[in-house]
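*Asks:* The structure is given below, and queries will be raised subsequently.
Here, each number is a calculation from the coordinates, and none is a lab measurement. None of the values given here were measured: they were computed from a predicted structure. Note: ideal-geometry Cβ built from the backbone for every residue, glycine included; neighbour counts use all protein chains shown.
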Amino acid sequence: RSLIAANMTREEFQNSSAPAPSDFQVGDSCSSRSSATVHCCSACMACSSVGCTDRIVGCNDFMAGLHHECSYEEPASPSPNQGFVLLAVVGFVVLSILGMFAMKWSLRFSVSARLERMAKLRMALMPERGALPDVLELRGESASGRKKEASSEDLHYSWQMDFAGCFVGHIEGDDHTLIKGKVNMAAGKVAWVETVQGAFKEVEGIIRKTDSSVSVEAHFLETRRGRSGQINISGKFV
């Protein structure tokens, strides 16, 4: 709190060296002289009777309306600690946002690298059909996600084999997904890619054949949201 004017008697006020208009008198109106406000405040506060305040024109209104006391409140300066806290909060928010972006980009880079590796292995796989029939009808399911968020989907693949061991196909009930792949029965390997509306799913795994059936155990990775999981399908033939 900063003191504007100390309580003083009229005699002390009149002898005071504080700046005031040369023609200022205690009897002047306090409310009409902004430059005399401090002196009016001191003079009014020095009064000890109603008669005294009545003799100072506007003293009662001045005291009631302009100042409740002869002092004013200095605006509180912000604490240095408040600045540090605010800076820390802003820094935490910025770092959190940057961290989320970094994680997303890291995940995208990781998924892209894995998809590229799987595509190279598929293209490098030498086809070898063995004794597989011209058409394979394979049924089963795919499972993806963690245990708490796991989801499964029933699948029915239809593959058409060429003489070498390459195949094209589709998923029954899905007219939009295109399938291209290869088998190498000597190595027991299979790989294919599923394409739908610009998104890809790379699949690679193991293929086994008995006298009358074929089974496939594979894992997949999608470009869309980086979803991954397992595919287990099998089929019989004559």
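*Asks:* Given Cβ point charges of +1 (Lys, Arg) and -1 (Asp, Glu) and nothing else, what value in debye, to the nearest 20, does the dipole of the range 111-187 about its Cα centre take?
*Replies:* Once rounded to the nearest 20, the dipole reads 600 debye.
*Asks:* Computed FRET efficiency, Cβ-Cβ of Ser215 and Glu116, R0 30 Å: what is it to the nearest 0.05?
*Replies:* The calculated FRET efficiency here is 0.60.
*Asks:* Evaluate the distance, in nm, between pseudo-label points positioned 7 Å from the Cα of Asn232 and of Ile97 along their respective Cα→Cβ axes.
*Replies:* Taking the simple label geometry, Asn232 and Ile97 are separated by 4.6 nm.
*Asks:* If each residue of separation counts as 0.36 nm, what is the full-extension length gain between Arg224 and Glu172 once their alpha-carbon separation is subtracted?
*Replies:* 16.6 nm
*Asks:* Karplus couplings for the range 118-134 from phi (6.51 cos²θ - 1.76 cosθ + 1.60, θ = phi - 60°), rounded to Hz, Gly and Pro as x?
*Replies:* After applying 6.51 cos²θ - 1.76 cosθ + 1.60, I find 5, 5, 5, 5, 4, 5, 7, 5, 7, x, 8, 6, x, 9, 6, x, 5 Hz.
*Asks:* Along the Cα→Cβ direction, 7 angstrom out, place labels at Arg55 and Asp134. What is the inter-label distance in nm?
*Replies:* 12.9
*Asks:* Moving on. Show me, bin by bin at 10 Å from 0, the whole-percent P(r) of the range 144-229 based on Cα pairs.
*Replies:* Calculated over all Cα pairs of the range 144-229, the distribution is 15, 48, 30, 7, 0 percent.
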